[in-house]
There are 2 protein chains.
Amino acid sequence: MTQNPPKFRREPAKQRKEALVLATLSLIAEQGVRGATVREIAKRANVTQGLIRYHFSSKEELISAAYSHHMSSMTDLTTAPSAKDNASAKSRLAIFVASGLKPPVCDPNSVSLWASFLNKVREDPQMQQIHKQTYFDFRDRLEALISEALIEAGVVVSPQQLRHYAIACNATIDGLWMEGGALPEAFEPGELPEIGLRSVGAIIGLDLHEAGEQP
Amino acid sequence: MTQNPPKFRREPAKQRKEALVLATLSLIAEQGVRGATVREIAKRANVTQGLIRYHFSSKEELISAAYSHHMSSMTDLTTAPSAKDNASAKSRLAIFVASGLKPPVCDPNSVSLWASFLNKVREDPQMQQIHKQTYFDFRDRLEALISEALIEAGVVVSPQQLRHYAIACNATIDGLWMEGGALPEAFEPGELPEIGLRSVGAIIGLDLHEAGEQP
DNA sequence: TCAGTAATTATTCAAGTGTATAGTTAGAAA
DNA sequence: TTTCTAACTATACACTTGAATAATTACTGA
């Protein structure tokens, strides 16, 4: 008696959901939101279309999950390299800034993904929530690094001032990141991290340029 | 013999095209790209759907025209207030920066419109062309103002340095603009122009703060 | 080994989309 | 007035989309 091979494989919900999220992300990155249809996502995940509705109550929910995943991943990729405890605060800040302005964080695919999602933020409250949360999460980490670097340098600033620094530096990084991703050929390699270090340094009054050139 | 009233009015192509573009923009601003269907646009412009295809060879072409219109409009709104010839270069730069960071330029609708379009930039070469053109147009104007302000202050910088300044200041303005539009409740009124002036000033080494408080 | 159930497939539906095309009409020109 | 054409309407087509539903199947655990 030959038992015919299984027609599909059952996966735990958590794993399958993540697989679907990853398929969604790669699809959006390649073809934009427009290309990320339920059918196409299912095909890429080697699954039939009905399964998506089984795991996510609607397509919007899947998109939200993908958005959340992508933003966390970018924040992590920017934060991780600066988490070496032995380095000075200034050097950690410099690494943070530079990491956000070179691949894989600063990259056409990433920016394109982000732009695709930004669209839906206005329509969908859940997306708005994720947007707000990831924005403040990123900015708070940056503010903490700035604060440590200033203390280390013996500079005293008011909380208000610190907040303004964080907003400004965040904007500068975001702006450079976005432009680097949306118009890659307009900048030479290494140019954006360099500009980022100089600008953030100028804004908060510290020279980050020396500290930022890490392998 | 009563002659029944005309069923529609003929407009010159140019006017009708602009009306369609404006209908498209208001629709996208309200409901996002997804809501801007051919039928809905036609309805808003008090026209039947077929007319769109008559004036624009495809929907994409209409979208491109709307994108171009919106970006030019934003650049103009940022540039115009700084064009008073009698003011000093520094003051004109300050006004430029501040104008871009308050309404109507810095505004949820504007940002949302921009984000909607950014999506299509990657897919459509024509959109990419418009993106590139409007980006450089804005940045070049900013670079010119920076250059004049530095010369006025007796500061000499290399072309390379000037280019870096323009990229950095542009990124800072864009970043603040975007965040102010995407998360309006996160900033107090007047906070963004103030942060913008301080940051741009810090980056290029001039004190713009004094010069930027215009009515 | 044999339910039981959660994961998965298979199929259908109703609504909406951009596009095409043929016919109609306003309004200038002769 | 009549003619002519660019602007406009009306209608239908071909296709895609997200969602719903019912039927199957892989795996767990008793």
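One table, with the values for the structure above:
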quantity: Identity of the residue in segment A:157-206, of a type in the set (D, E, K, R) and closer than 13 Å to A:ILE95 by Cα, that ends up most open to solvent (accessible area, probe 1.4 Å); calculated: A:ARG198
quantity: Search result, residues across segment A:27-49 that are more than 11 Å from DNA strand D (Cβ to nearest atom) and surrounded by fewer than 16 Cβ atoms within 10 Å (Cβ to Cβ); calculated: A:GLU30, A:ASN46
quantity: Matching entry among B:SER68, B:SER112, B:SER57 (being in a helix (DSSP H, G or I) and more than 14 Å from chain A (Cβ to nearest Cβ)); calculated: B:SER68
quantity: Any chance A:PHE136 is at the interface with another protein chain (Cβ under 9 Å from one of its Cβ atoms), aromatic (Phe, Trp, Tyr) and open to solvent by 60 Å² or more (accessible area, probe 1.4 Å); calculated: yes
quantity: Among residues of segment A:10-26, those that are open to solvent by less than 20 Å² (accessible area, probe 1.4 Å), within 13 Å of DNA strand C (Cβ to nearest atom) and out of contact with any His (no Cβ under 8 Å at 6 or more places or on another chain), counted; calculated: 1
quantity: Options B:ILE63, B:ILE41: the member that is within 14 Å of chain A (Cβ to nearest Cβ), modelled with pLDDT of 95 or more and either within 13 Å of DNA strand C (Cβ to nearest atom) or on the phi > 0 side of the Ramachandran plot (or both); calculated: B:ILE63
quantity: Residue identified as surrounded by 15 or more Cβ atoms within 10 Å (Cβ to Cβ) and away from DNA strand C (no atom under 12 Å from the Cβ) among A:ILE95, A:ILE52; calculated: A:ILE95
quantity: B:ALA80 within 16 Å of DNA strand D (Cβ to nearest atom), part of a helix (DSSP H, G or I), among the small types (Gly, Ala, Ser) and within 16 Å of the chain's Cα centre (by Cα); calculated: no
quantity: B:GLU143 open to solvent by 20 Å² or more (accessible area, probe 1.4 Å), within 9 Å of chain A (Cβ to nearest Cβ) and either of a type in the set (Lys, Arg) or within 22 Å of A:PRO184 (Cα to Cα) (or both); calculated: no
quantity: Residue list for segment A:112-142, restricted to those being over 20 Å from A:MET178 (Cα atoms) and charged (D, E, K, R); calculated: A:GLU123, A:ASP124
quantity: In segment A:165-207, the residues that are facing another protein chain (nearest Cβ under 7 Å), of a type outside the set (Val, Ile, Thr) and in contact with a Ser or Thr (Cβ under 7 Å, 6 or more places away or on another chain); calculated: A:ALA168, A:ALA171, A:GLY175, A:SER199
quantity: Failed condition for A:GLN128, given (1) in a loop (DSSP other than H, G, I, E, B); (2) more than 8 Å from chain B (Cβ to nearest Cβ); calculated: (1)
quantity: Boolean, B:LEU101 is open to solvent by less than 60 Å² (accessible area, probe 1.4 Å), within 12 Å of chain A (Cβ to nearest Cβ) and either free of Cβ contacts under 8 Å to residues at least 40 places away in the same chain or not in a helix (DSSP H, G or I) (or both); calculated: yes
quantity: Cβ pairs under 8 Å, 6+ apart, first in segment B:187-208 and within 11 Å of B:ILE146 (Cβ to Cβ), second of a type in the set (A, V, I, L, M, F, W, C) and open to solvent by 10 Å² or more (accessible area, probe 1.4 Å); calculated: B:ILE203/A:ALA202; B:ILE203/A:ILE203; B:GLY205/A:ALA202; B:GLY205/B:VAL155; B:LEU206/B:ALA153; B:LEU206/B:VAL155
quantity: Segment A:104-133, residues that are touching a Lys or Arg at 6+ places or on another chain (Cβ under 6 Å) and either open to solvent by 10 Å² or more (accessible area, probe 1.4 Å) or without any contact (Cβ under 8 Å) to a residue 40 or more places away in the chain (or both); calculated: A:SER112
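The values are calculated or read from the model by the stated rules, or taken from the named source; none is laboratory data. Here the structure is a predicted model, which is why all the values come from computation and not from measurement. Heads up, the Cβs are rebuilt from the backbone with ideal geometry, glycines too, and the neighbour counts pull from every protein chain shown. The protein model used for the area step is the full one, side chains on, heavy atoms only, and it has no ligands, DNA or RNA in it. Shrake-Rupley method; radii C 1.70, N 1.55, O 1.52, S 1.80 Å.
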